[in-house]
Amino acid sequence: MTHPAKYAPGVQVRVRKLRPPGHLRTPWYARGAVGVIERLCGAFANPEELAYNRPGLPAVPLYRVRFRQTELWPDYRGSGQDSVEIEIFEHWLDPA
Amino acid sequence: MRDMTMRGHHDMGGLAAGEIPREGHDHAWWEKRVDALQVLLSSPRHALLKVDELRRNIEALPPDAYDRMSYYERWIAAITATLLQRGVFTAEELGRRMAEIEARERS
Amino acid sequence: MSDHHHPHTHAADAEDQRGYYQVMEIAVRELLIEKGILTQEEIRRAVEAMDARGPVQGARLVARAWTDPAFKARLLADGSAAARELGLEIGALRLIVVENTPRLHNLIVCTLCSCYPRMVLGLPPDWYKSRAYRSRAVREPRAVLREFGTELAPEVELRVHDSTADMRYLVLPHRPPATEGWSEERLAGLVTRDSMIGVAFVQNPNN
């Protein structure tokens, strides 16, 4: 039984700056970045656990998070509106 | 630079890189068979491995091997590693069979 | 660092190594068949099933969306369900279709491995799996597009989707001008794989 999703669309979140070993699906370039919840994708078994043939349950809420490129790269030269969207699990997010 | 050892070699988003190589190659039959193995073994019908285990095993490849190996070489290496971890066959069985195949190919 | 092999330029030990993994594939396949885990027939059918998939399937989704606004709405709301309407087998992963508009252009990448909507596009091109694309698409997407001959106006938002989880993305490209009244089939013929990944626009060759 999953706990209810913590973040609603539109909420600002910061990606945790953790650096554990293991199979992680939160890209390095997003760690520590501030973005906005675009939507809740649903709840999924944790891939960090599935990687070791464990069930990865209870399912963890997964969010699509939108980041401004100018937030990710200090020297970004495209449009100020350009963005990256990444799917990130709830345990990697803190309120910003 | 110290930070780089904590970053997975596969976790390359944002790193500097050169021109995107555009020439492709037609998939060889062995590559298509590797693809088929992955699909079949991870399907609910067989459930002998999870794609996440395959990814973890690919990520565990030494950086120079990761760069040198082709996409499907990495996949077969990871499928094999996962099946060994799951105990589907032993290293001995695999080693003997690989040696037999090499001998077959040479004759 | 190229992911491609050019046999005539490789040293003998690299040839050996390449042979090594092909031998491994044979050994693993034979052992799995002998242990009754897989059959030769299953493997053959899986190879054929993947061979039968290609960008043509994705192009049908796009062409239908261009000509049928209600379908387009369903496609954008639930890509997997809409694909099934056209008889496509999507499998367990969720298909998310993202629409290009005059103000928004979408680009798909998987920086961590090479996740790709295989069920509607077939196997990914080598460049999509390359280090250069995976590294640069999130960092300098406009330069990447330019390498593909695609220039994006500065006032258009370029949104890069990094597929890190179980969702697979397909771009619904903008319908090219001067195609009014075209049949679905004729429209589908214009839709390229590269336009559904987001590195190119769909062109009308008559324009």
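Here are some notes:
- Annotation: B:Val34 fulfils all but one of (1) in contact with a helix residue (DSSP H, G or I) (Cβ under 7 Å, 6 or more places away or on another chain); (2) assigned to a helix (DSSP H, G or I); (3) facing another protein chain (nearest Cβ under 7 Å); (4) closer than 30 Å to A:Gln69 by Cβ; the unmet one is (4).
- Here the strands (runs of 3 or more DSSP E) wholly within the range A:13-96 that include at least 3 residues being without any contact (Cβ under 8 Å) to a residue 40 or more places away in the chain are A:34-44, A:60-68.
- Unmet criterion (only one of (1) within 22 Å of C:Cys115 (Cβ to Cβ); (2) in the same structural domain as C:Arg168 (by TED's automatic domain parsing); (3) surrounded by 16 or more Cβ atoms within 10 Å (Cβ to Cβ); (4) out of contact with any strand residue (DSSP E or B) (no Cβ under 6 Å at 6 or more places or on another chain)) for C:Ala77: (3)
- Only residues that are over 9 Å from C:Val62 (Cβ atoms) and either within 16 Å of the chain's Cα centre (by Cα) or among the aromatic types (Phe, Trp, Tyr) (or both) were counted across the range C:172-189, and they come to 1.
- Wholly enclosed helices (runs of 4 or more DSSP H) of the range C:115-207 bearing at least 3 residues surrounded by 18 or more Cβ atoms within 10 Å (Cβ to Cβ) and within 14 Å of chain A (Cβ to nearest Cβ): C:131-139, C:141-147
The values are calculated or read from the model by the stated rules, or taken from the named source; none is laboratory data. For clarity, every value in this text was computed on a predicted model and none was experimentally measured. Because the Cβ atoms are built from the backbone with ideal geometry, glycine has one as well, and the counts that use them run over all protein chains shown.
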